[in-house]
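**Q** My structure is below; once you've seen it, I'll send some questions.
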Amino acid sequence: SREYSLAVATHGRTNSKDQVQAYMWLQKGQSDTIVVYPAALRSSSGSSFSWAEKENMVFIDAILKQISDTYCINRNQVYAIGHSLGGWMAQRIACLRGEFMSGLAVVGSGGFNGTCTGPVPSLFFQNVNDQLSSYASGLSARDIRLQVNECKETTESVQIGSLSCTKYTNCYPGNQVVWCEGYTGYNGDPHSWPTEWRSGTGGTWILNFFKELRW
């Protein structure tokens, strides 16, 4: 009797799905989005995770089908969220399954460069001082999405949580790109998830960004 949004949140190279569920806080204070935390395959050494294998996309497709078949999902509100290497995977999902995705949000991640199936409104967080995923790689990820979304150079300032961010406004209709930097991470780590005690965490900001896309 009720429709829900669906978000797939992908973890990074070293943090597990349970760890990102704990710090992304995507469930906090909301009840209209079902959030799924898939687990990547282990690398050959077993000490880290990898999203590069084709089996991972088969897994994501199976998740999307199972959740959509089981719950009342609004097919126009399906999102990809990721941090670090998980951000690369979120971009991979948004690129290869662009016809199904309604929004993308990544933190501290390089870009996925492939043949994309459609534009997707996107939100990027990147710290200038990130040593694990460089500022240059974040810019590259943004620029890939600007090209896919057919954005021009026209921008305006927009507020995301406590941050003043840059919004590219002249894109394929309804497919804006927003770029944020200079945020505070947990324990001052420039690669960690955005957090701000006055206005919540990156999870809150991301879900609010997605909600605004619906209007």
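**Q** Give SER192, SER102, SER137, SER109 a once-over and let me know the one that is in contact with an Asp or Glu (Cβ under 9 Å, 6 or more places away or on another chain) and open to solvent by less than 50 Å² (accessible area, probe 1.4 Å).
**A** Going through SER192, SER102, SER137, SER109 in turn, the sole match is SER137.
**Q** Sticking with this structure for a sec: What tally of residues in the stretch 133-163 results from selecting those that are modelled with pLDDT under 95 and of a type in the set (Ser, Thr, Tyr)?
**A** Of the residues in that region, 1 qualify.
**Q** Consider THR195 against the criteria (1) under 15 Å from GLY87 (Cβ atoms); (2) modelled with pLDDT under 95; (3) in a strand (DSSP E or B): it satisfies all of them except one. Which criterion is unmet?
**A** (1)
**Q** Can you tell me how many residues in the stretch 143-192 are assigned to a loop (DSSP other than H, G, I, E, B) and acidic (Asp, Glu)?
**A** Total satisfying the criteria: 4.
**Q** Here's a follow-up. Among (1) in contact with a strand residue (DSSP E or B) (Cβ under 9 Å, 6 or more places away or on another chain); (2) closer than 19 Å to ALA105 by Cβ, there is one condition ALA22 misses while meeting the rest; what is its number?
**A** Every condition holds for ALA22 apart from (1).
**Q** Filter the stretch 41-78 for residues that are part of a strand (DSSP E or B) and either open to solvent by 60 Å² or more (accessible area, probe 1.4 Å) or touching a Phe, Trp or Tyr at 6+ places or on another chain (Cβ under 9 Å) (or both); which is nearest to VAL8 (Cα to Cα)?
**A** Only one residue tops the list, namely VAL78.
The values are calculated or read from the model by the stated rules, or taken from the named source; none is laboratory data. For clarity, every value in this text was computed on a predicted model and none was experimentally measured. For neighbour counting, all protein chains shown are included, and Cβ atoms are generated from backbone atoms with ideal geometry for every residue, glycine included. With ligands, DNA and RNA removed, areas are computed over all heavy atoms of the protein, side chains included. Shrake-Rupley method; radii C 1.70, N 1.55, O 1.52, S 1.80 Å.
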